[in-house]
Amino acid sequence: MLDIDQEPNRELTDAITAQIQALFRLGGSRRVFAQQIEAAGVSLTPQALRVLERSVDADQTTPGQLAAQLDLDPATVTRLLRHLEDSGLVRRARDNGDRRVSTVEPTQQGRQALARYREVVWDQVRRALASWPSGDLASLAELLGRLVGDVQKEPYRPVSTPTGYTGSNLSER
């Protein structure tokens with residue numbers, strides 16, 4: 001096994017990681033999120049949007065499943081579902097097979113709200129990439145898919161010493 005400081009292309013992989021982190025920061029920015037939901041005509045918090053998204057993707061689920069999937073406290077999910085239900089975006093009902101269990105389903109209004117939000121986000125990326133040559137787009141799609149798969153193969157591990165790379169010298173490259 002190679003020492004982390006001797007791995008090939010260290011500067012390039014650190015630069016790529018810094019750019020990925022910049023994308024994550026954009027995705028987690030409250031300012032960017034506010035622009036996205038305003039453009040979509042949706043009034044939700046980031047957590048409520050995540051609950052709605054999982055509800056739509058599952059088609060029918062339970063509050064407990066949502067809490068587990070989103071790694072949220074069940075009480076938090078209950079509060080978020082109440083807000084989504086009051087807004088007409090999800091519907092809760094008792095499970096016919098087990099009346100102790102409640103199910104959650106997105107409403108048509110909820111599906112449409114999520115579709116508008118996703119379209120706003122995807123449209124932004126489409127416009128950002130509009131001038132890129134098709135070959136670059138195909139390469140990016142392939143390489144990102146490969147990166148996601150490779151990152152998921154291995155668990156995170158402790159490192160013996162911090163590398164000291166901060167990404168601040170990225171503009172010098």
Pick from 63, 106, 46: which is touching a helix residue (DSSP H, G or I) at 6+ places or on another chain (Cβ under 6 Å) and over 30 Å from residue 141 (Cβ atoms)? 63
Being within 28 Å of residue 16 (Cα to Cα), more than 17 Å from the chain's Cα centre (by Cα) and loosely packed, with under 15 Cβ neighbours inside 10 Å narrows it down to one residue among 98, 86, 73, 136; which is it? 136
Of all residues in the range 23-39 being of a type in the set (A, V, I, L, M, F, W, C) and within 14 Å of the chain's Cα centre (by Cα), which is farthest from residue 123 (Cα to Cα)? 24
For the range 89-108, the count of residues that are modelled with pLDDT of 95 or more, farther than 17 Å from residue 46 by Cα and in a loop (DSSP other than H, G, I, E, B) equals 1
Give me the residue from the range 35-60 that is hydroxyl-bearing (Ser, Thr, Tyr) and within 15 Å of residue 109 (Cβ to Cβ) and, out of that set, modelled with the highest pLDDT. 55
Out of all the residues in the range 128-140, is one or more closer than 30 Å to residue 61 by Cα and not hydrophobic (A, V, I, L, M, F, W, C)? no
Within the range 156-166, is even one residue modelled with pLDDT under 90, exposed (fewer than 13 other Cβ atoms within 10 Å of the Cβ), out of contact with any Cys (no Cβ under 9 Å at 6 or more places or on another chain) and charged (D, E, K, R)? yes
Show the residue pairs that are 6+ apart or on different chains and have beta-carbon atoms under 9 Å apart, the first residue being within the range 123-140 and assigned to a loop (DSSP other than H, G, I, E, B), the second being loosely packed, with under 10 Cβ neighbours inside 10 Å. none
Number of the condition not met by residue 127 [criteria: (1) more than 23 Å from residue 36 (Cβ to Cβ); (2) surrounded by fewer than 10 Cβ atoms within 10 Å (Cβ to Cβ)]: (1)
From (1) surrounded by 12 or more Cβ atoms within 10 Å (Cβ to Cβ); (2) more than 23 Å from residue 69 (Cα to Cα); (3) of a type outside the set (Gly, Ala, Ser), pick out the condition that doesn't hold for residue 38. (1)
Can you tell me which residue within the range 84-122, out of those that are of a type in the set (S, T, N, Q) and without any contact (Cβ under 8 Å) to a residue 40 or more places away in the chain, is nearest to residue 33 (Cα to Cα)? 112
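The values are calculated or read from the model by the stated rules, or taken from the named source; none is laboratory data. Computed from a predicted model, the values in this text were never measured in an experiment. Please note: Cβ atoms are built from the backbone with ideal geometry, for glycine as well, and neighbour counts cover all protein chains shown.
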